[in-house]
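Values quoted throughout were computed directly from the atomic coordinates according to the rules given, and no laboratory measurement underlies them. The structure displayed is predicted, hence computed values, not measured ones. Cβ placement follows ideal geometry from the backbone for every residue including glycine, while neighbour counts extend to all protein chains displayed.
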Amino acid sequence: MRMQLGSEEEMQQRLASMPVHHSMRGLFFNSVLDVVRLLEDESAVSHCLESTGGTRYLDFFSYPTSAYVRLLYTAQSGG
């Protein structure tokens, strides 16, 4: 049985297979948040930030890739 794309189950599987030490630059987080802001509104951006435990991301700082995955899954569900 295949899991549904974009589901909580799929996200959890991806997070479980991800090495803890992987990181990404804040630039990628901010790009997603900019698109959410453009397509939705500030409340959707706030919801996305809450899902990652962040309040803001600095472009050249490193953040856990797991937080980025959570951000993507929250953003695709409409913030």
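With each label modelled as a point 7 angstrom along the Cα→C-beta vector, the H21-D34 pair spans 3.1 nm. With the simple spin-label model, which puts each label point 7 Å out from Cα in the Cβ direction, the L58 to Q76 separation comes to 3.1 nm.
The string of couplings for region 3-9 from the Karplus curve (6.51, -1.76, 1.60, θ = phi - 60°) is 7, 6, 4, x, 7, 4, 4 Hz, one whole number per residue in order, with x for Gly and Pro. For Y57, no residue whose modelled amide H falls within less than 5 Å of its own remains once neighbours fewer than 5 places apart on the same chain are excluded. Normalised by the number of residues in the chain, the mean separation of alpha-carbon contacts (under 8 Å, six or more apart) gives a relative contact order of 42 percent. How much net charge surrounds A16 when only the other residues with a Cβ under 12 Å from the Cβ of A16 are counted, with Lys and Arg +1 and Asp and Glu -1? Computed value for this residue: -1.
Distances between placed amide hydrogens fall under 5 Å for M24 paired with Y63, T65, all partners being 5 or more residues away or on another chain. Volume per residue for the chain equals 81 cubic angstrom (convex hull of Cα atoms).
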